[in-house]
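Engineer: One structure, as structure tokens, below. Some questions next.
What follows is calculated from the coordinates using simple rules that are stated; it is not laboratory data. These numbers come from a predicted model, not from an experiment. We place every Cβ from the backbone using ideal geometry, glycine too, and count neighbours over all the protein chains shown.
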């Protein structure tokens, strides 16, 4: 292969990589994917103003699960089925509804802006312990019997939701 062909091929591959990286970075950086709802065709065909709708869909990112921890006196480690943290955002929406002077002069639109909000979650987990105790030196290293233990760790969700509702003139 000639050096000029190799250089051209390298430039094309680099350009494609930059283009793909440029389109993927904003969604990955914000944690949401914007989804516009195209209603322009409806507005043009009906010759009227239609609501404006824009949505944001979340991208969930799984974290590193908790590791099992050995506790003195237990045969099965803590966090037998570990909880997995999930980070992401709740979906957002931007809605605008035309109301021609329904609220009086100067009020042509009603809008709601519900931005995407951060979400932190933990999946359910499981705690177990065997019906035997740790080896007991007073019984020549034989374990004692005890009641088995089982518990379910519930899921955890943490977020703060906000939004704006307003009315005003213009689009």
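Engineer: Applying a 10 Å radius around every beta-carbon, put 55-67, 75-87 in order of their mean neighbour count, most first.
Structural biologist: Details: 55-67: 13.6, 75-87: 16.1.
My ranking of the peptides, most packed first, is 75-87, 55-67.
Engineer: Average projected area of the Cα convex hull of segment 46-171, in nm²? Display every interim value, and only then the final one.
Structural biologist: On the way: hull surface 48.6 nm².
If you wrap the Cα atoms of segment 46-171 in a convex hull and average its projections, you get 12.2 nm².
Engineer: So how far, in whole Å, is the C-alpha centre of segment 106-171 from the one of segment 42-103?
Structural biologist: When both Cα centres are located, 14 Å separates them.
Engineer: What full-extension length gain, to one decimal in nm, is calculated for residue 118 and residue 46 as 0.36 nm per residue of separation minus the Cα-Cα distance?
Structural biologist: 22.1 nm
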